[in-house]
Amino acid sequence: MQHTLAKAVSCAGVGVHSGQRARLNMRPAPVNTGIIFIRMDVPQGTGTVPAHAETVSDTQLGTTITNEHGVSVAVVEHLLAAIAGLGIDNLIVEIDAQEVPIMDGSSSVFYEMMMLAGLKAQGALRRRIRVLEHIEVVEGPKRASLSPVADDSLTMRARIEYTDKTIGVQQMAMRLVPGSFARDLAFARTFGFARDVDMLRSMGLARGGSLENAVVIDENGIMNPEGLRVEDEFIRHKMLDAVGDLMLAGAPIAGAYDAVQPGHSINNKLVRALLATPSAWCWEDAGSLAEAGEGIRATA
Ligand SMILES: [Zn+2]
């Protein structure tokens with residue numbers, strides 16, 4: 001069945017780029033709503049921004065969505081990842097500023113808050129997007145693809161390679177199934193390089209960034225006194241970002257995501273390429289997964 005939150009929950013914090021304080025209020029939503037942001041600080045009737053690949057307007061240093069009135073919500077990916085990780089289909093997210101608060105740089109706060117509020121099963125079958133054909137996007141050294149799978153889950157694999165030896169080469173593979181997001185990804189924090197901070201600040205970015213909400217790397221290694229939460233926190237955060245960016249397809253994806261040097265830009269291009277290729281995917285009700293899985297195995 002489709003799920004929404006059992007009751008409303010809220011939190012507040014600063015945006016990592018704007019430095020602006022924002023309050024978020026997550027509210028239950030009716031069946032087939034999907035995930036919708038509503039800006040509370042703009043004229044009424046102009047603030048609704050659906051979380052969908054088609055509304056993505058910027059992918060530099062985070063994913064920004066914008067509606068037809070030019071109203072935006074920035075850095076939606078960590079919250080969307082928590083929503084996807086919990087298996088929430090319908091949700092209204094009210095926000096009173098332009099940027100989703102960064103909290104601790106991971107999805108943990110959002111995830112725990114919504115998990116404690118509890119989920120409510122709704123009176124309609126969950127719909128998901130089943131990948132039927134291999135779709136691949138290439139952007140210089142970056143590559144991302146979606147391929148069919150025989151079951152009903154999102155299988156994920158990613159690899160990153162940095163010349164900086166603190167990160168180096170990291171790779172990870174997992175299946176996004178109930179519980180795996182909380183266990184393997186939710187806690188992984190965003191990261192950046194100290195050498196980029198001055199440049200970002202001169203562009204008006206990273207104003208709210210600090211060692212409290214990002215892993216920062218300089219020539220000597222990790223600057224955060226507490227160090228890393230896990231040795232491979234970097235690739236785990238890239239996987240977390242991908243969970244959030246893939247959520248923008250509009251429904252959970254049954255498919256295999258495979259990426260090299262992934263980022264928000266290539267993730268969004270991949271989702272758009274999938275949705276723009278009618279033969280590459282179909283809608284599927286959760287109840288019909290066994291039959292669809294059989295069908296795919298038979299034609300593979
Ligand atoms: Zn991120």
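A few remarks follow.
- Kirkwood Rh in Å, taken over the chain so that all alpha-carbon pairs contribute: 19.5 Å
- Here the simple spin-label model places points 7 Å from the Cα toward Cβ, and for ALA150 and THR163 these points are separated by 4.4 nm.
- Solvent exposure of the chain as accessible area per residue, Å², 1.4 Å probe: 43 Å²
- Label-point separation in nm, ASN32 to GLN44, each point 7 Å along Cα→Cβ: 2.7 nm
- Potential extension, GLU133-TRP283 segment - 0.36 nm per residue separation minus Cα distance: 52.6 nm
- Surface composition of the chain: carbon and sulfur atoms hold 53% of the protein heavy-atom accessible area at a 1.4 Å probe.
- Toward the positive end of the charge dipole of the chain, with +1 on the Cβ of Lys and Arg and -1 on the Cβ of Asp and Glu, the farthest Cα among PRO262, THR48, GLY221 is that of THR48.
- For the range 157-173 and the range 11-55, distance of Cα centres in Å: 32 Å
- Most to least packed among 181-192, 78-89, 151-162, 199-210 [average Cβ atoms within 10 Å]: 78-89, 181-192, 151-162, 199-210
- Per residue, the chain reaches -7000 deg cm²/dmol at 222 nm when only DSSP H runs of four or more residues are counted, each adding -39500 (n - 2.57).
- Net charge contributed by nearby residues that have their C-beta within less than 13 Å of ILE235 (K/R +1, D/E -1): 0
- Legend: distances between Cα atoms for LYS238/LYS269; LYS7/LYS269; LYS142/LYS165; pairs beyond 26 Å are LYS7/LYS269.
- Gain upon complete extension [MET223, GLU54; 0.36 nm per residue less C-alpha separation]: 57.1 nm
The values are calculated or read from the model by the stated rules, or taken from the named source; none is laboratory data. Computed from a predicted model, the values in this text were never measured in an experiment. For neighbour counting, all protein chains shown are included, and Cβ atoms are generated from backbone atoms with ideal geometry for every residue, glycine included. For accessibility, only protein heavy atoms count, side chains too; no ligands or nucleic acids. Shrake-Rupley method; radii C 1.70, N 1.55, O 1.52, S 1.80 Å.
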